[in-house]
Amino acid sequence: MRPALLVLALLSAALPARGETASTPGVRGEPSAAAPPARQIVQQRTADGRVVFTDRPLAGARIERSWTLTPEDPALGDARREAARIESNAVTERIARQLEQQRERDIDLDIARERTARAEAERDAARARMPAEPDRAIVVWPRRAFAPPHRPAPQPAMRAPRQPGPVIPPRPGATPPPRPPSSHGEPDTPG
């Protein structure tokens with residue numbers, strides 16, 4: 001049960017419900033037998049002008065104000081102290097968990113930093129082992145308008161006449177492949 005609910009449950013058990021009076025015997029809210037009786041404190045002014053606060057009125061002094069104090073029930077006081085202790089322990093535990101989580105995050109961050117530094121050191125060492133490249137010059141031409149040189153359009157290339165290659169006889173029983181058309185004007189005849 002949460003501490004606040006525990007306190008409310010104990011207080012509701014100790015306080016009288018609507019319509020009930022605390023003087024009715026056996027009713028909730030009746031002070032326990034161990035609770036001390038209510039005390040009355042008075043503010044008195046004596047004949048010489050002094051102001052006195054007391055629980056035993058002085059004879060001959062004028063009462064200016066009075067207060068009735070009901071002492072706390074010891075059981076309610078114990079319950080309130082226990083609820084405060086439970087809540088305090090819960091807060092302490094929550095703060096300890098948060099501190100532990102922060103400590104773990106810091107450790108993870110340190111590990112990541114170490115890995116990054118190690119990777120950078122390895123990369124720098126690898127660069128140092130590489131042979132030095134010659135410096136390259138970069139030429140930047142000034143910006144000005146110019147026309148590309150005029151080049152004539154390319155002419156189609158002339159093909160050399162095809163030389164007849166060796167004639168390979170067809171396999172026995174195979175259909176001979178069709179012959180390509182002749183570029184020299186010879187009729188395409190099988191044979």
Quiz item: Only one of (1) modelled with pLDDT under 90; (2) under 59 Å from the mean Cα position of the chain (by Cα) fails for Asp55. Which number is that?
Solution: (2)
Self-check item: Filter result for Pro25 (part of a loop (DSSP other than H, G, I, E, B), over 46 Å from the mean Cα position of the chain (by Cα) and at pLDDT 55 or above)
Solution: no
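For every residue, the table says whether it meets (1) outside any loop (DSSP other than H, G, I, E, B); (2) open to solvent by 100 Å² or more (accessible area, probe 1.4 Å); (3) more than 30 Å from Pro37 (Cα to Cα); (4) polar (S, T, N, Q).
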position: Glu72; (1), (2), (3), (4): no, no, no, no
position: Ala75; (1), (2), (3), (4): yes, no, no, no
position: Arg80; (1), (2), (3), (4): yes, yes, no, no
position: Asn89; (1), (2), (3), (4): yes, no, yes, yes
position: Asp106; (1), (2), (3), (4): yes, no, yes, no
Practice problem: For Ala75, state whether it is modelled with pLDDT of 95 or more and not acidic (Asp, Glu). | Solution: no
Quiz item: Right, Met158: open to solvent by 100 Å² or more (accessible area, probe 1.4 Å), at pLDDT 75 or above and out of contact with any Pro (no Cβ under 9 Å at 6 or more places or on another chain) or not?
Solution: no
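The values are calculated or read from the model by the stated rules, or taken from the named source; none is laboratory data. From a predicted model like this one, the values you see are computed outputs, not experimental measurements. Positions of Cβ are generated from backbone atoms using ideal geometry, with glycine treated the same way; all protein chains shown enter the neighbour counts. For accessibility, only protein heavy atoms count, side chains too; no ligands or nucleic acids. Shrake-Rupley method; radii C 1.70, N 1.55, O 1.52, S 1.80 Å.
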